[in-house]
Amino acid sequence: MKNYSLFFLACIGLCFTSCQSPGETSGLASVSIDTTAIDTYLSTLAADDFLGRKPFTEGETKTVNFLKEELEKMGVAPGNGDSYFQEVPLVETTATPAKTMEVQGPGGNLELEIGEDYVIYTQREQERVDVENAELVFCGYGIVAPEYNWNDYEDIDIEGKIAVVMVNDPGFESQDSTFFKGETMTYYGRWTYKYEEAARQGALGVLIIHETNAAGYPWFVVSSSWSGGRLDLQTPNGNMDKCAVQGWVSLGAAAKIFQTSGMTQGRFFEKAKSANFEPIPLGVTASTSLTNTFKKDVSQNVVGMIRGSERPDEYIIYTAHWDHLGVGEVVAGDSIYNGAVDNASGTAAVLAIAKAFTQLPKAPERSVVFLFVTAEEQGLLGSAYYAENPIFPVEQTVANLNIDAMQSYGPTKDLVIIGYGQSELEDYAQEVAEKQGRYLVADLEPEKGYFFRSDHFSFAKAGIPALYAEAGKDHLTKGKEYGEEKSQEYTANAYHRPADEYVAEEWDLGGIQEDAQLYFEIGQKLAKETTFPKWKEGSEFKAIREESLKPKG
């Protein structure tokens, strides 16, 4: 950030008005994000002592107490009345699946192995789930999208059967931006949607075919993340409206299943890309089982607030998820999934931003909230609970600024907007980025659906304009090839693995500091304004926001 003289700051402060356009970032107080603080927060949160920060563990207790203590030390007030916590009722289901899934078909019998060929679990609070000779039906992408005239469950009675569906959506690899959204994944491409839709259709189960490019992550991420205890929000019906069995099959295992049906995998996939697709009973059955144990408890969102000096009932909410995967499968002699990048980095950045706000000459005009949410890794559960049970009214929430998985290899020339074209918040980001000498780019990997994979999505679904931006791959001094190499290295070797550790000597915090500074200045500007940022034309969230802002009564 540029250093301005006090005189210049005073002058531009007199010129600042709340009517200025999103691009005008003058008048912001010159406070720099503290890199030393980022280092301290990161090294603490990503330490082995925090046991991978999984909800319902000693790691959670250490994490939420640390966050509370740091907010208290810097003078940030409790954000939920007189408490720094919002209880999130969760149920942890620990499933013990059968070691095999027996598949029988006209082409022969298969014995698929848990972990290597498939993973399954259930959200139902049911001690035992038995699947006996359930018919498998290939249901394309598992999508029902009236706006695209698309129904992969057309004229099929799926009750008592298992839907086998493809990952991502039909626009993937189509090279046609008008077909769904082309390379940009829609929500229809997310695994969460596919489970939801299969349940709505009445399916007994659903299995998603994993493919690395279309999913955006390798099979190891599935096999490690979907084993052990799984968390869900508690519901009055014990989640009995969900499918009895949900899971994934590897691409190789899917090929074997299709082979037993007498048709090659490629022909199935080609058929699924057509709007005229109709579900295909495979003539194949599957048998397996699950036994489950349950633990009901509450996890904690941690929330602090700096009360606004002029418009205290209007709120800007920063978010980062504090959780990771805990202690799990041993990889290279290590079983602690520290989650340094994902998301000790974002948590540390939000703490540093909170500290910067406390160092301003006066409190911001609007209230600024710092919300550290639980159970993101289990399906955005902490932010989903907050969105359904907001502490601060949705219609009075100005924006959500979300930070997740910041890169560790230093400053970049580019800033990536995840979900580019959605809201005016990207215009705010562009102006601050340009001041930093950076340029804005759209999501570099739109096919991976990152817009639906972090906590800002829970706010977007409630209509609240949300920003999720991150450093790109055009490294400040080493260029794009270096950035691409480091990004691929992280995905292949560290993402959701014990190798995601903080090694201070190997990390360059300059990029994290720069991105945190950008987020801090966006928050300052939003706090000074009297207007609310809007969703852009064409955003699926625009109508939700407009409805929430209508006068009540």
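Where a number appears in this text, it was derived from the coordinates with a stated rule and is not lab data. Keep in mind that what you see is a predicted model, and the values were worked out from it rather than measured. Cβ atoms come from the backbone with ideal geometry, glycine included; neighbour counts cover every protein chain shown.
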Using DSSP, restrict attention to beta bridges with both residues in the chain and report what percent are antiparallel, rounded to the nearest 5. 65 percent
If the reach is capped at under 18 angstrom between alpha carbons, list the lysines near Lys181, excluding any in the same chain fewer than eight residues apart. Lys194, Lys273, Lys448, Lys536, Lys542
Residues Leu549, Leu371, Leu110, Leu444 in order from fewest to most other beta-carbon atoms within 10 Å are Leu549, Leu444, Leu110, Leu371
What list of ³J(HN,Hα) couplings, whole Hz, do you get for segment 124-129 from phi and the Karplus terms 6.51, -1.76, 1.60, once you set θ to phi - 60° and write x for glycine and proline? 6, 7, 9, 5, 9, 10
Based solely on its DSSP helices, what 222 nm [θ] is calculated for the chain when runs of n ≥ 4 H residues each add -39,500 (n - 2.57) and the sum is averaged over all residues, nearest 500 deg cm²/dmol? -8500 deg cm²/dmol
Could you pull out the pairs from Lys473/Lys534; Lys362/Lys534; Lys435/Lys525 whose alpha carbons sit more than 18 Å apart here? Lys473/Lys534; Lys362/Lys534
What is the packing order of peptides 294-304, 339-349, taking the mean over residues of other C-beta atoms within 10 Å and listing the highest first? 339-349, 294-304
Residues Asn109 and Ser174, FRET efficiency given R0 of 25 Å [Cβ-Cβ distance, rounded to 0.05]: 0.10
How long is the gain from Lys271 to Thr61 if the chain were fully straight, where each residue apart is worth 0.36 nm and the alpha carbon distance is subtracted? 70.6 nm
Students often check this: by mean Cβ neighbours within 10 Å, which of 209-218, 535-544 ranks highest, and how do the rest follow? 209-218, 535-544
Apply the Karplus parameterisation 6.51 cos²θ - 1.76 cosθ + 1.60, with θ equal to phi minus 60°, to every residue of segment 256-273 and state each ³J(HN,Hα) to the nearest whole Hz, in sequence, with x for glycine and proline. 5, 4, 5, 4, 5, 8, x, 10, 6, 4, x, 5, 4, 5, 5, 4, 5, 7
Rounded to whole Hz and in sequence order, give me ³J(HN,Hα) for segment 520-535 from the Karplus expression 6.51 cos²θ - 1.76 cosθ + 1.60, θ = phi - 60°, writing x for Gly and Pro. 4, 6, 4, x, 4, 5, 4, 5, 7, 7, 10, 8, 10, x, 10, 6
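If packing is taken as the mean number of other Cβ atoms within 10 Å per residue, what is the order of 497-504, 469-476, 480-487, 516-523, highest first?
Packing order, densest peptide first, comes out as 516-523, 469-476, 497-504, 480-487.
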Consider a paramagnetic label point 7 Å from the Cα of Glu147 along Cα→Cβ; state which residues of segment 527-544 have an amide N under 16 Å from it. 535-544
Folded to 0 to 90 degrees: helix 35-45 orientation relative to the chain principal axis, Cα: 30 degrees
From the Cα gyration tensor of the chain, with a ≥ b ≥ c the square roots of its eigenvalues, which class applies: rounded if a/c is under 1.5, or else prolate if a/b is larger than b/c, or else oblate? prolate
Here the gain from full extension of Glu445 to Asp241, 0.36 nm per residue of separation minus their alpha-carbon distance, amounts to 70.1 nm
In what order do Thr178, Thr530, Thr57 fall by count of nearby beta-carbon atoms within 10 Å, going from fewest to most? Thr178, Thr530, Thr57
Sort His456, His496 so the one with the fewest other Cβ atoms within 10 Å of its own Cβ comes first. His496, His456
Give, as a single signed number, the net charge of other residues whose beta carbon lies under 12 Å from the beta carbon of Asn213, with Lys and Arg counted +1 and Asp and Glu -1. -4
